[in-house]
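Written out below as structure tokens is the structure these notes cover.
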Amino acid sequence: MEKLNLISGITPNGAPHLGNYIGALRPSVDFSRNINIKSYYFIADLHALIKLKDPKKIKKYKIEILAAWLAIGLDPNKVILYCQSAIPEITELMWFLFCICSKGLLNRAHAFKSLFITEKNYINMGLYSYPLLMAADILLFHANFVLVGNDQLQHIEITRDIALRFNKIYGKYFILPKIKVDKKNKLLNGLDGRKMSKSYGNTIPLFCTEKTLYNMIIKIKTNSSKASDPKNIKNCTLFQIYSAFASKKEINYLKNKYNEGISWIKVKKIVFDYINESLRYSRDTYLRLLKDYTYLKKILKKGENIARDKANIIISELKKIVIK
Ligand code: TRP
């Protein structure tokens, strides 16, 4: 049986946080262990350029994402790991897509529509074209599934639209990819109760010192109910974060404590202890890997060679189709 292709990318515009871990990193490791799936995991550094104009930071975040992926269990011998900028065929394909994409389709994209425009924060063409770079990432490797958060749904729809348009003009070539959202891994909320996101500045780093993790969890917004008051698990960030890590039995235990009444400080200690222990092993591995840049570079090089070989074949086929 032919394997299905799954692709996932992470933009290196900040250090990996707990939301990335639950929403993208952990599910990607789960999927990579499925023998019926061939997975492509990449660091979307060209996407990072849209906002970040600091090469040192991009490099730092790139290394951190790769080390985090490996530390939590991604096996570089089983998946294809690469950096987007190492595969020039992606931007080559993007041009083919540019030429069949109406401006109106991109006008509807939320990535730039939702951006708060200031002088510093203007819409550059990278931001406007963001969905087409993403479509090229996906279509180049004939991905059947794209592993992303719910917030990326529109980008997958645009990818399908553009693939369909290409197939209509040139004859069927591209697979229409489907979104793969890991149902049990919903988006996490951050310190202030809104979705955990770098753009809200409310993130909890995935790998930091125990002290920082403790101080962060203590800061999570709660209400002013007394220790003896029963507490509602709905819309409770602490409960939500705990549930993303703990087993069913442990979740039920905390649920009972909420019903009986428990002080917020006690809840925070329980959540801290649990997360801290869950992350201990991978955190140690992560810190060790960060010091071994040569090894990390070697891993990327290997993945990039495989990805480029595949990409080259596709681009030659495409050139025959669109230019002759
Ligand atoms: N836009 C994605 C995000 O911010 C990252 C990304 C870029 C991506 N290209 C992709 C994810 C292709 C999946 C497939 O989360």
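The values are calculated or read from the model by the stated rules, or taken from the named source; none is laboratory data. Worth saying up front: this structure is predicted, and the values here are computed from it rather than measured. Heads up, the Cβs are rebuilt from the backbone with ideal geometry, glycines too, and the neighbour counts pull from every protein chain shown. To get the accessible areas, we keep the full protein, side chains included, count just its heavy atoms, and leave off ligands, DNA and RNA. Shrake-Rupley method; radii C 1.70, N 1.55, O 1.52, S 1.80 Å.
Remarks
- In region 173-184, of all residues being away from the ligand (no atom under 14 Å from the Cβ) and under 19 Å from Val29 (Cβ atoms), the one that is modelled with the lowest pLDDT corresponds to Lys184.
- Test: residue in region 164-172 that is open to solvent by 30 Å² or more (accessible area, probe 1.4 Å) and at pLDDT below 95: no
- Condition check for Ile275 on (1) open to solvent by 20 Å² or more (accessible area, probe 1.4 Å); (2) touching a residue at least 40 places away in the same chain (Cβ under 8 Å): one failure, at (1).
- All of Ile123, Ile175 fail the test of being open to solvent by 40 Å² or more (accessible area, probe 1.4 Å), free of Cβ contacts under 8 Å to residues at least 24 places away in the same chain, over 26 Å from Tyr21 (Cα atoms) and among the aliphatic types (A, V, I, L, M), apart from Ile123.
- Taking the criterion of being assigned to a loop (DSSP other than H, G, I, E, B) and surrounded by 21 or more Cβ atoms within 10 Å (Cβ to Cβ), the only residue of region 51-73 that qualifies is Ile72.
- Count of region 1-16 residues which are over 10 Å from the mean Cα position of the chain (by Cα) and either more than 9 Å from the ligand (Cβ to nearest atom) or open to solvent by 10 Å² or more (accessible area, probe 1.4 Å) (or both): 9
- Matching entry among Ser39, Ser85, Ser28 (being over 26 Å from Gly190 (Cα atoms) and either in a helix (DSSP H, G or I) or open to solvent by 30 Å² or more (accessible area, probe 1.4 Å) (or both)): Ser85
- Scoring Thr159 on the criteria (1) within 14 Å of the ligand (Cβ to nearest atom); (2) at pLDDT 95 or above; (3) surrounded by fewer than 20 Cβ atoms within 10 Å (Cβ to Cβ) leaves a single failure, condition (3).
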